[in-house]
Amino acid sequence: MSLIFGALTRLFAPFVWSSPRRAARMVHGFAHAERASVIDMQQAARHTPSPARAAQYLRHAADEWRHAQLFARLAHKLDAARSGPVHVDTEHLYDTLGEASFLAFVHMGEQRGRAQFDAHLAHLAGRAPLPGRPRAVIRGVLRDEHQHAAYTGALLDELEPRRGGLVARMARRQLWRQWLRAGRALSSGLYLVTGGLLYVLCAPLFTLLRPRG
Amino acid sequence: MATVLGVSAHYHDAAACLVRDGAVVAAVQQERISRVKNDASFPAAAIAQCLRIADVDPGAIDRAVFYEQPFAKLERVMRSTLTTFPHGLSGFVAGMARQLGGRVFVLDHLREHLGLSRDQVMAVPHHQSHAASAYLVSGAEPAAVLVVDGVGENETTSIWHGTGGALVPRYTQPFPDSLGLFYAAITAYLGFAVNEGEYKVMGLAAFGQPRLEEEFAAFITVHDDGSVTLDRDTFLHMVHPTRAFGPRLEQRLGPARPFGRPWRLFDPADAHYADVAATAQAVLETALLRLARTAHRLCGDADTLCLAGGVALNVRAVRRVLDEGPFHEVFVAPAAGDAGGAMGAALLGAQDLGDDVQRPLADAALGAPADAARAQAVAASLGFAVARPSDLLGQAARVLDDGGLLAVCRGRSEWGPRALGHRSLLARPRPAAVQDRINAQVKRREPFRPLAPVTTRDAFDGYFGGRCDKLQRFMTVTNPATAKARRDCPAALHVDGTARAQLVEAASDPWLTGLLARTAEPVLLNTSLNAAGEPICDAVEDALLFLMRHRVAALVVDDLWIERGRR
Ligand SMILES: [Fe+2]
Ligand SMILES: [Fe+2]
Ligand SMILES: [Fe+2]
């Protein structure tokens, strides 16, 4: 899966980095994702029965927090207008998945992130430096992502020695999430049209009924 | 003798509150658990936390009460957008999506989530929840109750006569004329996030002059009774889902300030925005003062005014009401915003089941207790130095006197937006530069957002003028600073010479009063324990993460002293 992700990123990287505005938008998206990971890891630290794993999750959260700040700053440097707030949401992953599946999910996310950042680095190599030094930022972040993938992999081996099944299940879950996301986008488009129609149909009636004066 | 759960959700600040036999036993805001700032989602985690704190299982809940009536709200959204055809199109489409996407079905959701029967779940009106959250815990009898917020189902302002535990409605102002939404629009105009940046407008106001009254008069009229009329073409909350104001406002006041631009208060452009904030604040204060007079007239026998709703969080306006209004006493609940509605709803539900729910709230520490054993184990795994000093207060006082920052996470977490010493960052409030240091290292706040002091009853009058009463317990009013305060705690004062001071008493918090007895001066700077843009820490893991990310001298968890040692 991370292979596909890396290939897709390589395909789109030239297009994204050719405009500072587009690049800033993407980097702002990174900040968003990192912030969401802070929350995931913080929830995990709170819920895991093991203090040792809680400590590891907290270290991970602290890294992601730094990444979020680095990316938010980079986005702003690439495009001064890109300074909106980084809003986050949570899917309560630890709660819904349980610790082993949560770890598998995070582990795969880290691998995907790694593939993605590798592809961006490959594209940026040898090109004229951009404001905010994205290469240096991404390289720094990438070091942490390697470590995140490694320790979550090790923990996963500890908690679920036969992790193959789990990883496959989480990969399917990730696909399902993407599918749902696409479905939501489509249905909200449809809703927009029907909602608009409903409004146009109902409004004249209401205008007639409205008390005057 | 009932167990009742109150819930607020789906607008902003979702929360849960558990009342047993008429007494509040737990109250938790969803954001503290989920770690998503202003989390408005269905508060499953906060509900679970309340049940855990009180050791109640869901089967023992007699009733669950939602803090507003979902269908009345749906009706208002439909009515306001349909009667403004064709401008209401986007408001209709977005509003209906939100309502039908879950909000309208929240009672069923609650019922299923808790495994209750249909008649065990009820909804109470939004403003009544607010009113109950103040009156029933104020200890005042009788009382006038004034609720001012953006909008509930259809009310934006309401006055209630609280007598014998009952709330009798006396006055309402309906949507769309709303003091709260007016202030929200100015908040958005100034480049702050609505529902969160209102504090910033109030802080910024102290840097400006209210000299734009004429411009404001074109779009807001404050009537003698305190009600307001808003210009429908300037404010868009009737027709638009997200935009609070239209081009008319910019025609009057100049272009809106872009989000996130750093503030330079001595720049003429930013000085103008400070004047906008000052004028908005003046309008708000005038209206609130007039509303207080109306409340006094309508509830003739009441000496106390209870305030609730988002506008009651405006501590400067509360000070004006206290000083210039007709009431002897003013009470503001610790969580005056929508989170507080959960408490009001729970109390109303318990009252409906026959419990006596009228009793003063002694303490805002209604969340989960800090788990020191867990903190010790996790901190050890992190390689931190953990000790249990024999004289922790003495050690803390020395660190503070030497200019160190001290994070504390002890006892139960606070209910409401203020940290009152249980999840706090403490510092010596002098010299004035301490404020800049905290803002630069931790809070990353704008320069006009003041930090607050905490002191004891004995020392209070030396530091602060103005009346000292119940309000200072929950940090819900400002007090003017004396010359002594300007010397001893300049870092905890606002530029206008006031402070949102907290008064702490030995009976409710012997630890903090004990600490104040040991520091060089009996006053400390007390700000909430949270990183910029994050909710206040709740569990010990949150506090440890704070310690990992910030340069503070130590973290105190109950009797533990934790330092970020060498691993
Ligand atoms: Fe990361
Ligand atoms: Fe990572
Ligand atoms: Fe409200």
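Can we say B:A64 is modelled with pLDDT of 80 or more, in the same structural domain as B:Y11 (by TED's automatic domain parsing), open to solvent by 10 Å² or more (accessible area, probe 1.4 Å) and among the small types (G, A, S)? Spelling it out, it is not the case that B:A64 is modelled with pLDDT of 80 or more, in the same structural domain as B:Y11 (by TED's automatic domain parsing), open to solvent by 10 Å² or more (accessible area, probe 1.4 Å) and among the small types (G, A, S). Looking only at residues in region A:121-141 that are under 30 Å from A:A100 (Cα atoms) and crowded, with 17+ Cβ neighbours inside 10 Å, the one that is farthest from ligand 3 (Cβ to nearest atom) is A:I138.
Of the residues making up region A:41-82, those that are of a type in the set (D, E, K, R) and either more than 14 Å from B:A531 (Cβ to Cβ) or in contact with a helix residue (DSSP H, G or I) (Cβ under 7 Å, 6 or more places away or on another chain) (or both) are A:R46, A:R53, A:R59, A:D63, A:E64, A:R73, A:K77, A:D79, A:R82.
Highlighted here are the helices (runs of 4 or more DSSP H) found entirely within region B:171-241 that include at least 1 residues which are of a type in the set (D, E) and either surrounded by fewer than 21 Cβ atoms within 10 Å (Cβ to Cβ) or in contact with a Ser or Thr (Cβ under 9 Å, 6 or more places away or on another chain) (or both): B:198-205, B:213-217.
Considering region B:549-560, the residues that are open to solvent by 10 Å² or more (accessible area, probe 1.4 Å) and in contact with a Lys or Arg (Cβ under 7 Å, 6 or more places away or on another chain) include one that is nearest to the other protein chains (Cβ to nearest Cβ), namely B:D558.
Do you know which residues across region B:78-93 are part of a helix (DSSP H, G or I) and crowded, with 23+ Cβ neighbours inside 10 Å? Residues satisfying the conditions are B:T81, B:G91, B:F92. Within the option set A:R184, A:R135, A:R169, A:R112, being in contact (Cβ under 8 Å) with a residue 24 or more places away in the chain and away from ligand 2 (no atom under 16 Å from the Cβ) holds for one residue only, A:R169. Against the test of being of a type outside the set (S, T, N, Q), without any contact (Cβ under 8 Å) to a residue 24 or more places away in the chain and surrounded by fewer than 23 Cβ atoms within 10 Å (Cβ to Cβ), the options B:D356, B:D371, B:D401, B:D436 yield a single qualifying residue, B:D436. The set of residues in region B:313-337 that are open to solvent by less than 10 Å² (accessible area, probe 1.4 Å) and touching an Asp or Glu at 6+ places or on another chain (Cβ under 6 Å) contains only B:A317. Between A:E64, A:E91, the distinction of being within 13 Å of chain B (Cβ to nearest Cβ), open to solvent by 30 Å² or more (accessible area, probe 1.4 Å) and under 19 Å from the mean Cα position of the chain (by Cα) belongs to A:E91 only. Put simply, of B:G150, B:G197, B:G208 the only residue that is without any contact (Cβ under 8 Å) to a residue 12 or more places away in the chain and in contact with a helix residue (DSSP H, G or I) (Cβ under 6 Å, 6 or more places away or on another chain) is B:G197.
The sole residue among A:R172, A:R127, A:R162 that is within 20 Å of the chain's Cα centre (by Cα) and over 15 Å from A:F30 (Cβ atoms) is A:R172.
Does B:D542 qualify as being buried (at least 23 other Cβ atoms within 10 Å of the Cβ), touching a residue at least 12 places away in the same chain (Cβ under 8 Å) and more than 27 Å from B:V201 (Cβ to Cβ)? Yes: the conditions hold for B:D542. Would you check if B:D55 is away from every other protein chain (no Cβ under 12 Å), at pLDDT 80 or above and at positive phi? Taking the combined requirement at face value, the residue satisfies it. Of all the criteria given as (1) of a type in the set (F, W, Y); (2) surrounded by fewer than 19 Cβ atoms within 10 Å (Cβ to Cβ); (3) at the interface with chain A (Cβ under 8 Å from one of its Cβ atoms), the one not satisfied by B:F105 is (3).
B:Q376 falls short on exactly one of the conditions (1) in contact with a strand residue (DSSP E or B) (Cβ under 7 Å, 6 or more places away or on another chain); (2) open to solvent by 60 Å² or more (accessible area, probe 1.4 Å); (3) not in a helix (DSSP H, G or I), and that condition is (3). The condition of being modelled with pLDDT under 95, surrounded by fewer than 20 Cβ atoms within 10 Å (Cβ to Cβ) and more than 11 Å from ligand 2 (Cβ to nearest atom) holds for only one of A:P49, A:P85, that being A:P85. Cβ-Cβ contacts under 6 Å between residues 6 or more apart (or on different chains), taken from a first residue in region B:323-349 that is within 14 Å of chain A (Cβ to nearest Cβ) and within 16 Å of ligand 2 (Cβ to nearest atom) to a second residue that is modelled with pLDDT under 95 and in a loop (DSSP other than H, G, I, E, B), are absent. Do we find that B:V121 is touching a residue at least 12 places away in the same chain (Cβ under 8 Å) and more than 29 Å from B:T163 (Cβ to Cβ) in this structure? When the stated conditions are applied, B:V121 does not pass them. Within region B:526-539, restricting attention to residues that are touching a Cys at 6+ places or on another chain (Cβ under 7 Å) and buried (at least 24 other Cβ atoms within 10 Å of the Cβ), the residue that is farthest from the other protein chains (Cβ to nearest Cβ) is B:L529. Taking the criterion of being in contact with a Ser or Thr (Cβ under 6 Å, 6 or more places away or on another chain), under 30 Å from B:A166 (Cβ atoms) and more than 14 Å from chain A (Cβ to nearest Cβ), would at least one residue in region B:387-397 satisfy it? Scanning region B:387-397 turns up no residue that is in contact with a Ser or Thr (Cβ under 6 Å, 6 or more places away or on another chain), under 30 Å from B:A166 (Cβ atoms) and more than 14 Å from chain A (Cβ to nearest Cβ).
The values are calculated or read from the model by the stated rules, or taken from the named source; none is laboratory data. These numbers were taken from a predicted model, which means no experiment stands behind them. Positions of Cβ are generated from backbone atoms using ideal geometry, with glycine treated the same way; all protein chains shown enter the neighbour counts. In case anyone asks, the SASA skips ligands and DNA or RNA and just uses the protein heavy atoms, side chains included. Shrake-Rupley method; radii C 1.70, N 1.55, O 1.52, S 1.80 Å.
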